[in-house]
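Okay, structure first, notes after.
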């Protein structure tokens, strides 16, 4: 995701350099203030100036650095390795492979910590790893590298492990509560296009939809979640009343033939906005979705959001303006 380098406020000048408060830097880079402070305190990635009252001020060089760190994170580099990576942009092949291995090991460690917390039904430990990762990484990266692998592991235990169903239900409720709180907290500030998001008919698992919705909020979209097992022809009304720019449907189960051949086509004709379908259903029914006039997104949330942004002519920029200091 490319962030805007344009400055939305008149900068202050200190020692001949333009400097910007953390609120402005958050808007420019899409990295929230809590994360910027964590990068500074825990990893020494940033060294902002300070006003007499202690408020942080960032130079254009700091903004460029933040955007480069974001690029590295999106490529899979861990935050703990980002500083070394920046100093080794032209490192020999062996050094690069070592960095990649360390990054992979770190995510496996997060996965192990989260999995162990779930099977112990330990909400405190689960909170620790969940909050730690989300304070350091974009939500779509946490989803891809942590939440999805843990959900897959728990799902694979259903047939072989006693208590596995309870584990998955426990984790599902935990995620719904956490994501619901984050969704409510962040959605009020967004000014991007409105997306209507719902599960396909027959799809009763909402976690994938909620993970998409949370990532879409970080992308700057406004999102109206309609939940599981949604009759898609009923989506015309919320689109018209909300002024939504697109519809996003999520599914991982078998989709009835009439849903794709008749109902989806009718929805597109009446709603008159782009319709996207994500999840495993989008992969399995790729050709049928295209024939109906919709756009399959697959399972990569970040890539899907970029396609939606392009189709809705939206230039993504995080709207979340955390408090200064």
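The values are calculated or read from the model by the stated rules, or taken from the named source; none is laboratory data. Not measured: the values here are computed from a predicted model. Cβ atoms come from the backbone with ideal geometry, glycine included; neighbour counts cover every protein chain shown.
What number of residues within segment 149-176 satisfy the criterion of being out of contact with any helix residue (DSSP H, G or I) (no Cβ under 8 Å at 6 or more places or on another chain) and in a helix (DSSP H, G or I)?
6
Within segment 280-291, which residues are out of contact with any strand residue (DSSP E or B) (no Cβ under 6 Å at 6 or more places or on another chain), assigned to a helix (DSSP H, G or I) and crowded, with 23+ Cβ neighbours inside 10 Å?
281
Residue 248 versus (1) in contact with a helix residue (DSSP H, G or I) (Cβ under 6 Å, 6 or more places away or on another chain); (2) crowded, with 22+ Cβ neighbours inside 10 Å: which is the lone unmet condition?
Only one criterion in (1) in contact with a helix residue (DSSP H, G or I) (Cβ under 6 Å, 6 or more places away or on another chain); (2) crowded, with 22+ Cβ neighbours inside 10 Å is unmet by residue 248, namely (1).
Yes/no matrix, rows are residues, columns are (1) exposed (fewer than 14 other Cβ atoms within 10 Å of the Cβ); (2) under 14 Å from residue 218 (Cβ atoms); (3) assigned by TED's automatic domain parsing to the domain that holds residue 213:
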residue	(1), (2), (3)
138	no, yes, no
163	yes, no, no
167	no, no, no
199	no, no, yes
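Among the numbered criteria (1) at pLDDT 90 or above; (2) outside the structural domain of residue 235 (by TED's automatic domain parsing), which one does residue 266 miss?
Answer for residue 266: the failing condition is (2).
Would segment 219-227 turn up any residue that is out of contact with any strand residue (DSSP E or B) (no Cβ under 7 Å at 6 or more places or on another chain) and assigned by TED's automatic domain parsing to the domain that holds residue 265?
yes
Just the residues that are under 15 Å from residue 214 (Cβ atoms) and either modelled with pLDDT of 85 or more or surrounded by 11 or more Cβ atoms within 10 Å (Cβ to Cβ) (or both), please, taken from segment 173-182.
Passing the criteria: 174, 175, 176, 177, 178, 179, 180, 182.
Would a scan of segment 12-21 turn up a residue that is part of a loop (DSSP other than H, G, I, E, B), modelled with pLDDT under 85, over 27 Å from residue 305 (Cα atoms) and out of contact with any helix residue (DSSP H, G or I) (no Cβ under 6 Å at 6 or more places or on another chain)?
Yes, there is a match, as at least one residue in segment 12-21 is part of a loop (DSSP other than H, G, I, E, B), modelled with pLDDT under 85, over 27 Å from residue 305 (Cα atoms) and out of contact with any helix residue (DSSP H, G or I) (no Cβ under 6 Å at 6 or more places or on another chain).
Looking at this structure, is residue 31 within 22 Å of the chain's Cα centre (by Cα), outside any loop (DSSP other than H, G, I, E, B), within 28 Å of residue 220 (Cβ to Cβ) and at pLDDT 80 or above?
Considered against the rule, which asks whether it is within 22 Å of the chain's Cα centre (by Cα), outside any loop (DSSP other than H, G, I, E, B), within 28 Å of residue 220 (Cβ to Cβ) and at pLDDT 80 or above, residue 31 comes out as no.
Is it the case that some residue within segment 47-60 is closer than 21 Å to residue 107 by Cα, touching a helix residue (DSSP H, G or I) at 6+ places or on another chain (Cβ under 7 Å), in a loop (DSSP other than H, G, I, E, B) and modelled with pLDDT of 80 or more?
No, the conditions are met nowhere in segment 47-60.
Being out of contact with any strand residue (DSSP E or B) (no Cβ under 8 Å at 6 or more places or on another chain), under 18 Å from residue 193 (Cα atoms) and buried (at least 23 other Cβ atoms within 10 Å of the Cβ) is the requirement here; does residue 305 meet it?
So residue 305 passes the test.
Name the single residue, out of those in segment 295-313 being in a loop (DSSP other than H, G, I, E, B) and in contact with a helix residue (DSSP H, G or I) (Cβ under 9 Å, 6 or more places away or on another chain), that is nearest to residue 282 (Cα to Cα).
Looking at residues that are in a loop (DSSP other than H, G, I, E, B) and in contact with a helix residue (DSSP H, G or I) (Cβ under 9 Å, 6 or more places away or on another chain), I get 299.
Consider residue 184 carefully, then state whether it is part of a helix (DSSP H, G or I) and farther than 30 Å from residue 71 by Cα.
So residue 184 fails the test.
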